[in-house]
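To keep things clear, I will list the structure first and then write my remarks on it.
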Amino acid sequence: MAKILSGKIMSEELTQEQIKRVGELKQKGITPGLAVVLVGEDPASQIYVRNKGIACESIGIYSRTLQLDKAISQADLIRVIDKLNADTKIHGILIQSPLPGHLNEHQILSRILPEKDVDGFHITNAGKLFTSQDSVIACTPKGIMYMLKNGGVELSGKEAVVIGRSNIVGKPVAMLLLNEDCTVTICHSRTKNLKEHCKRADILVAAIGKPHFVTADMVKLGAAVIDVGINRVDGKVVGDVDYEHVKDIAGFITPVPGGVGKLTISMLMENTLEAACNLAP
Ligand code: NAD
């Protein structure tokens, strides 16, 4: 039976630490501030944005949500970002995805000052990660690495397989695992013999978006299985891993809910605190 890597417990511990750090910063006259920009009224995005606001409040970070019309032009959204870049109360800026199709997401994300890019999606931060330089690390990959290290999973020299090649999860987590001396394979929708790749993995990260996709026969005995997926099935949230069966084979496993998602929010708080420290005069 696998050891459960509980994002809920780890995030609660981090929250306590972060409350202290915010208190110390406030004593120095710095109140960390996060701006979340939401374009349109996508219900799932509204929930994510609300949760981010609640997390800020719980540790004492100042937060501001900008709810913008879904028809906003590229130029107007750029102007909003420029204002936030210049706002000394704001240390972190997050643009909630997905953006409506008429907007150029790459251009918008790269308009944020790299120092305020708490999502780590700016081309400068992505490029620094790629070249092993200190950078703002995207929250979900950063949370995954925290879970692995905090959970006592050995990384150096291990076989890591990442299923999914998105810019926000698959690629950055593969790079972070590589930087920890794992031997990394990235699998995706066109990968042949997916099961054989997965079977070799000491660390298996599933970031696909398909409920219960990773089954017990794809998992090596004792592997660390990290489930990034958030899928809604019959009103319930489930991951990409068939948790009930995989937990009997894996050495470590993350639940959904209560796993990677919790750490993602904790790492957003972490990145905002770090940005506030770095931007402090
Ligand atoms: P995405 O849709 O951008 O990428 C999915 C990836 O899965 C693609 O690279 C694709 O090649 C791969 N894939 C699809 N079908 C496949 C198949 N049959 N075999 C192998 N690979 C296949 O998704 P994303 O943004 O990376 O998110 C992935 C999942 O993680 C989603 O469920 C998303 O909701 C969730 N997510 C969770 C968090 C969190 O905080 N827990 C954060 C971000 C994303």
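Some notes on this structure:
- Odd one out for A138, checked against (1) within 14 Å of the chain's Cα centre (by Cα); (2) farther than 26 Å from L273 by Cα: (2)
- Qualifying residues in the range 165-191 (those that are of a type in the set (A, V, I, L, M) and touching a strand residue (DSSP E or B) at 6+ places or on another chain (Cβ under 7 Å)) - the one surrounded by the fewest Cβ atoms within 10 Å (Cβ to Cβ): L178
- Cβ pairs under 6 Å, 6+ apart, first in the range 1-16 and in contact (Cβ under 8 Å) with a residue 12 or more places away in the chain, second of a type in the set (K, R): A2/K247; G7/K262; K8/K262; S11/K262
- Any hit, the range 106-113, residues being surrounded by fewer than 23 Cβ atoms within 10 Å (Cβ to Cβ), over 14 Å from the mean Cα position of the chain (by Cα), assigned to a loop (DSSP other than H, G, I, E, B) and among the hydrophobic types (A, V, I, L, M, F, W, C): yes
- Counted residues, the range 175-221 - those being within 30 Å of L268 (Cβ to Cβ), free of Cβ contacts under 8 Å to residues at least 24 places away in the same chain and within 11 Å of the ligand (Cβ to nearest atom): 1
- Boolean, G209 is of a type in the set (G, A, S), touching a strand residue (DSSP E or B) at 6+ places or on another chain (Cβ under 9 Å), surrounded by fewer than 20 Cβ atoms within 10 Å (Cβ to Cβ) and closer than 17 Å to E154 by Cβ: no
- Here K8 does not fit the description of being in a helix (DSSP H, G or I) and closer than 23 Å to P98 by Cα.
- Restricting attention to the range 155-174, the residues that are free of Cβ contacts under 8 Å to residues at least 24 places away in the same chain and either away from the ligand (no atom under 16 Å from the Cβ) or assigned to a loop (DSSP other than H, G, I, E, B) (or both) total 1.
- The one condition from (1) assigned to a helix (DSSP H, G or I); (2) within 16 Å of the ligand (Cβ to nearest atom); (3) of a type in the set (D, E, K, R) that E244 does not meet is (2).
- Single residue of G251, G239 found to be near the ligand (Cβ under 10 Å from one of its atoms) and small (G, A, S): G239
- Some residue of the range 148-158 being farther than 23 Å from M10 by Cβ and out of contact with any helix residue (DSSP H, G or I) (no Cβ under 6 Å at 6 or more places or on another chain): yes
- The set of residues from the range 222-236 being more than 11 Å from the ligand (Cβ to nearest atom) and small (G, A, S) comprises G222, A223, A224, G235.
No lab work stands behind these numbers, since they all come straight from the coordinates. What you see is a predicted model, and the numbers here were worked out from it, not measured in a lab. Note that we place each Cβ from the backbone using ideal geometry, even for glycine, and neighbour counts take in every protein chain shown.
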